[in-house]
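For reference, the structure is listed below as C-alpha cells.
No value in this document is a laboratory result; all are computed from the given coordinates. Because the structure is a prediction, the values reported are computed rather than measured. We place every Cβ from the backbone using ideal geometry, glycine too, and count neighbours over all the protein chains shown.
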Amino acid sequence: MSVEMESYDIVVAGGGPAGLQFARSVVGRSDYSVAVLEANDELADNDKSTGGTFHQVVEGFGVPDEVVMSESATVQFEGPSARVTLDIPNYVLDFPALLEFLGADAAADGADIHTGVRVREPIVEGGTVVGVRGTRDGESVTYRADLVVDATGPAGTLTTRLHMWDREAAQRGIGKEYEVTGRYDLSSMLFRFDHEYAPGGYAWVFPGGDDVFKVGVCWIDDFYARHSPPDDGAIDDYVERWARSDPRWEVDDVRAVHAGQAISDNSINRRATDGLVAVGDSVSSINPLFGEGIRSGMESAEMAAEVATRALTAGDVSRSFLSAYERRWNREKGSNWKRQRIAGELLYDFDAAQQNRFVANSGRLSDAQLDRLQRYELTLPDLLSLYPFRLDDVRKAPTLLRHLW
Ligand SMILES: Cc1cc2nc3c(=O)[nH]c(=O)nc-3n(C[C@H](O)[C@H](O)[C@H](O)COP(=O)(O)OP(=O)(O)OC[C@H]3O[C@@H](n4cnc5c(N)ncnc54)[C@H](O)[C@@H]3O)c2cc1C
C-alpha cells in the first residue's frame, strides 16, 4: 500500500464552520499554506444543523445573502401554556450553503480543501504534534505541518487522542429536524419548552422563507431519561408529532432531514498543546444553554487563527505561546458558558409550571437584558430574575455548583 505525504504550514482536520473559518481567516491575513482535510466527499454533506443564527455571524463574518434563508425580528418562547415574543433579531441559514461559501472563500485566498480525507491520528514527535495520518479512498495519507488544528466537531478526533477533551464525561444530546415545504403563519423563530413535545429539551420551528420552514426536536439525554414516559418511542415520533401539532403551520412535504449529536460541557477545556490548537466542537465550544454552535465555533476559530499566525511568524508553536488563545476563550466565553450550563441544566429539568413561569419571566426582561441573553452574557441577577424558584430545587444546588469550579 502506498503512503502519500504532503506538507503545509497548517493542516486543519475537519471542514465544518469552525475549521473553514479558521482556514479562511489565516489565508485572509497571511501567506501561510493551509490544507483543510474533510472526511465527507463534499463540504455540503455536513448537513446536521438548523442554521439558526444572529448578526454576529451574518454581519461579523460577511455571510452573503444567498446563504441566508430568512431573517426575522423576533424570537418566540413557549411553555405548555405560556407564550412571549422577544425582540431578538435572528437569521436562518442554509447550513450546507454556508459551508460551501466558507470553503470557496478560503480556497479563493489560497487554502487547499481536500475532501474525502479521514484523519485518524496525530503524528507526535518529541512531544509536539507535527502532522496527521489519515486515509483517502482506502489509501494511507500523511500530512506534515508546523501547526495542526482539530476542527472535527463532536468527534474530537485529535483532542480525545491527545487527552485534551474527555468527551465521554461530557453531556450528550441529540437533535433532529425536518426541513419542509408548507404554510408557516408566524414570522418568528419559535422555541417550545414542553416535555410533551420534547422531554428534557425543546422543540422548535424556524422560518426558512418562501413556504419553507424547519421543524425539530432536541433533548439532553440525562433530562430526556427523567422526563420521557417509560418505553418511549424514537425522536422521529416526536418530530412527526410536533410537525403535525399546531394549526399555525401545515406541512406539505418533507424535503430534507437533518440530525446530529451535540456533546457539550462548560467548554473550559485544553485548547492548545505543543503544535496543535482545537476549535469549535472538537473542544465543545457549543453553547450549553440552547445548543447554538455556529457562532461560537466560528468565534473560537477566529481567536485561534489570530494566535496561530503570530505563533508561526515567531517560529514558536509551543503550548506556552498558543495558550494565549485558550486564555482569551476562557476569559471572553468560557466563564459565561459555565453559567449557561447551570441555566441549561435547570431549564431542561423544569416541570410544566416552571416552564411556563420561565417563559413569562423572559417576557419581562429589559432590552439590555435581552441583549445579554442573545450574547449569552446574562449576569447572576439576570438569571435569578428568570428563574422560577421551587423549594425542592435546593437539593440540586450541590450538583450545579460543581460546574462553577
Ligand atoms: C440537529 C442539530 C441542529 C443544530 N442547530 C443549530 C442552529 O440552529 N444554530 C447553531 O448555531 N448551531 C446549531 N447546531 C450546532 C452546530 O451545528 C454545531 O455546533 C457546529 O456545526 C459546530 O461546528 P464545528 O465546525 O465545530 O463542527 P462540525 O459542524 O461538526 O464539523 C466538523 C467537520 O469535521 C468533519 N470530520 C469529523 N471527523 C473527521 C475526521 N476524522 N477527519 C476529517 N474530517 C472529519 C465532519 O465531517 C464535519 O464536516 C445544531 C446541531 C445539531 C446536531
| Roughly what angle does helix 319-329 make with the longest principal axis of the chain, taking Cα atoms, 0 to 90 degrees, to the nearest 10? | 20
| Listed peptides 182-190, 200-208 by packing density, highest first (mean Cβ within 10 Å) | 200-208, 182-190
| Between the stretch 84-160 and the stretch 242-264, how many Å separate their Cα centres? | 28
| message | For the pair Asp222/Leu380, report the inter-label distance in nm, with labels modelled 7 Å from Cα in the Cβ direction. | response | 2.2
| Any idea what the dipole of the stretch 226-304 comes to, in debye rounded to 20, about its Cα centre with Lys/Arg Cβ at +1 and Asp/Glu Cβ at -1? | 300
| said: What does the extension gain come out to for Arg364 and Glu168, with contour length at 0.36 nm per residue minus their alpha carbon separation? | reply: 66.7 nm
| Residue of Ser264, Ser385, Ser285 that the Gaussian network model of the chain assigns the largest fluctuation, springs spanning Cα pairs under 10 Å | Ser385
| request: Quick one: what are the phi-derived ³J(HN,Hα) couplings along the stretch 351-360, Karplus 6.51/-1.76/1.60 with θ = phi - 60°, whole Hz, x for glycine and proline? | output: 7, 4, 5, 5, 4, 5, 5, 4, 5, 4
| Prolate/oblate/rounded call for the stretch 139-276, Cα gyration tensor, a/c under 1.5 rounded | prolate
| query | What length, rounded to one decimal in nm, is gained on full extension from Ala73 through to Arg244, with 0.36 nm per residue of separation minus their alpha-carbon distance? | reply | 59.0 nm
| task | Would you kindly derive the ³J(HN,Hα) couplings of the stretch 282-297 from the backbone phi angles with the Karplus curve 6.51 cos²θ - 1.76 cosθ + 1.60 (θ = phi - 60°), listing them in order in whole Hz, with x for Gly and Pro? | result | 6, 10, 6, 8, 4, 6, x, 7, 10, x, 7, x, 5, 4, 5, x
| query | Any idea what the dipole of the chain comes to, in debye rounded to 20, about its Cα centre with Lys/Arg Cβ at +1 and Asp/Glu Cβ at -1? | reply | 1740
| Cα coordinate range in the chain, projected on the principal axes (Å, largest first) | 61, 48, 43
| How many percent of DSSP beta bridges within the chain run antiparallel, rounded to 5? | 70
| Residue with peak Gaussian network fluctuation, the chain [Cα springs, cutoff 10 Å], from Thr379, Thr142, Thr157 | Thr379
| field | Rounded Å value of the spacing that divides the Cα centres of the stretch 4-63 and the stretch 369-390 | value | 33
| remark: Which residues qualify? For Val130, with a placed amide H closer than 5 Å and at least 5 residues away or on another chain, they are Ile123, Val124, Glu125
| field | Student exercise, the stretch 1-82 dipole from Lys, Arg, Asp, Glu Cβ charges, in Debye to nearest 20 | value | 340
| Picking from Pro96, Pro247, Pro229, which is most flexible by a Gaussian network model of the chain using Cα springs under 10 Å? | Pro247
